[in-house]
Amino acid sequence: MDAIQVNDLTKRYGGFKAVDHISFSVVEGEIFGFLGPNGSGKSTTIRMLTGIVKPDEGTAAIMGHDIVKDSIRARESIGFVPEMANAYVELTAWRNLMFMGDLYGIPRSERERRASDLLKRFGLYERRDNQVRGFSKGMRQRLLLCMALINDPPVLILDEPTSGLDVESSRLIKEVIRELNRAGTTVFLTTHNIEDASQLCERVAIINRGVIIAVDRPEALRQAGSALYCIEVSFSRSVDERELSDIPSVREVMKFGDKLRLYVDDIDMAITSIVDYARIHNMKILALTTLAPSLEDIFVRLTHKTGAE
Ligand SMILES: Nc1ncnc2c1ncn2[C@@H]1O[C@H](COP(=O)(O)OP(=O)(O)O)[C@@H](O)[C@H]1O
Ligand SMILES: [Mg+2]
């Protein structure tokens, strides 16, 4: 069975489609990432999966439970850490966990046992009687994970779990996520950071403007992106993209303001050809920069392709 199954899920705000007919599935036992720039619909998708907002179209199921028709059981299968969440800062770490366990109706002795286990596992046990007020951002994020796990859910949903954390906290959180996954928890997370995605996820979906444009293993996506180099060039007069696409080794040309971006297989051959092209057509090269392929390039190329189809 798939841990998460999503079909044509759609959310509109007014006339605007924040999430536009997305479909994907998360296999039990995997770490699956939703990778996309700000505003691409990641949190909206999570809000639908966790029952905070109702989808306008489509269906989704968590561990086989429909998120609308069987919303209580779907929600019981999830541990959830929202984006920008916070624990109660005036309470201690321990009290926060007891409070959460109480909400889930977990009997007291069981609650205490799980809270101790979780706090130890996340390196917070020594600080359990301290108010959260004095915790660093990384400690708070770890506590939120403990709180999400107090009812021992099969699926953990995390909205930008490492965003805004220092390197050390981010590393710790990633370690904890991997460890939980090894112990059997399915993880669905969002991130706008390709490094985090490739360090954590077995598969990622790239989402842009509410649409899934690719689902693959992170390394496969990165290689697809880095197979091409990017050259940004501006000439002394305006040049049509199509003219440049005939240059040897150039795969794709896009206009970026007054500059052109050329995606090329062989950077050396491409630069020589660009220089020749300018000379033959009596133009000056005003600027020429080579750019390392970034996540943005991958997004841009994938969205460009999607748009062209
Ligand atoms: N409650 C809302 N009302 C109107 N627009 C919204 C609401 N929530 C999100 N949006 C819009 O939907 C788009 C996707 O937002 P979101 O899912 O938060 O993106 P992400 O988490 O990928 O940054 C954005 O353009 C955002 O402005
Ligand atoms: Mg978000």
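When PHE99, PHE80, PHE135 are screened for being within 16 Å of ligand 1 (Cβ to nearest atom) and either in the same structural domain as ARG178 (by TED's automatic domain parsing) or closer than 30 Å to LYS11 by Cα (or both), only PHE80 passes.
Residue-wise test of (1) under 23 Å from PHE34 (Cβ atoms); (2) of a type in the set (A, V, I, L, M, F, W, C).
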{"residue": "ALA74", "(1), (2)": "yes, yes"}
{"residue": "LEU103", "(1), (2)": "no, yes"}
{"residue": "ARG114", "(1), (2)": "no, no"}
{"residue": "ARG140", "(1), (2)": "yes, no"}
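Here GLY29 meets each of (1) surrounded by 15 or more Cβ atoms within 10 Å (Cβ to Cβ); (2) assigned to a loop (DSSP other than H, G, I, E, B); (3) modelled with pLDDT of 95 or more; (4) small (Gly, Ala, Ser) with one exception, condition (1). Those strands (runs of 3 or more DSSP E) of the stretch 163-269 in which 1 or more residues are touching a strand residue (DSSP E or B) at 6+ places or on another chain (Cβ under 6 Å) and of a type outside the set (A, V, I, L, M) occupy 186-191, 203-208, 229-235, 250-256, 259-264.
Condition check: touching a Gly at 6+ places or on another chain (Cβ under 8 Å), within 16 Å of ligand 2 (Cβ to nearest atom), under 20 Å from ILE206 (Cα atoms) and modelled with pLDDT of 95 or more. Does ALA18 satisfy that? Against the criterion (touching a Gly at 6+ places or on another chain (Cβ under 8 Å), within 16 Å of ligand 2 (Cβ to nearest atom), under 20 Å from ILE206 (Cα atoms) and modelled with pLDDT of 95 or more), ALA18 qualifies. Looking only at residues in the stretch 88-118 that are charged (D, E, K, R), assigned to a helix (DSSP H, G or I) and in contact (Cβ under 8 Å) with a residue 12 or more places away in the chain, which one is surrounded by the most Cβ atoms within 10 Å (Cβ to Cβ)? Restricting to residues being charged (D, E, K, R), assigned to a helix (DSSP H, G or I) and in contact (Cβ under 8 Å) with a residue 12 or more places away in the chain, the top hit is ARG111.
Flag set for SER25, criterion: free of Cβ contacts under 8 Å to residues at least 24 places away in the same chain and either in contact with a strand residue (DSSP E or B) (Cβ under 7 Å, 6 or more places away or on another chain) or more than 16 Å from ligand 1 (Cβ to nearest atom) (or both).
The values are calculated or read from the model by the stated rules, or taken from the named source; none is laboratory data. Values in this document were obtained by computation on a predicted structure and should not be read as measured data. Quick reminder, even Gly has a Cβ in these numbers, built from the backbone with ideal geometry, and neighbours come from all protein chains shown.
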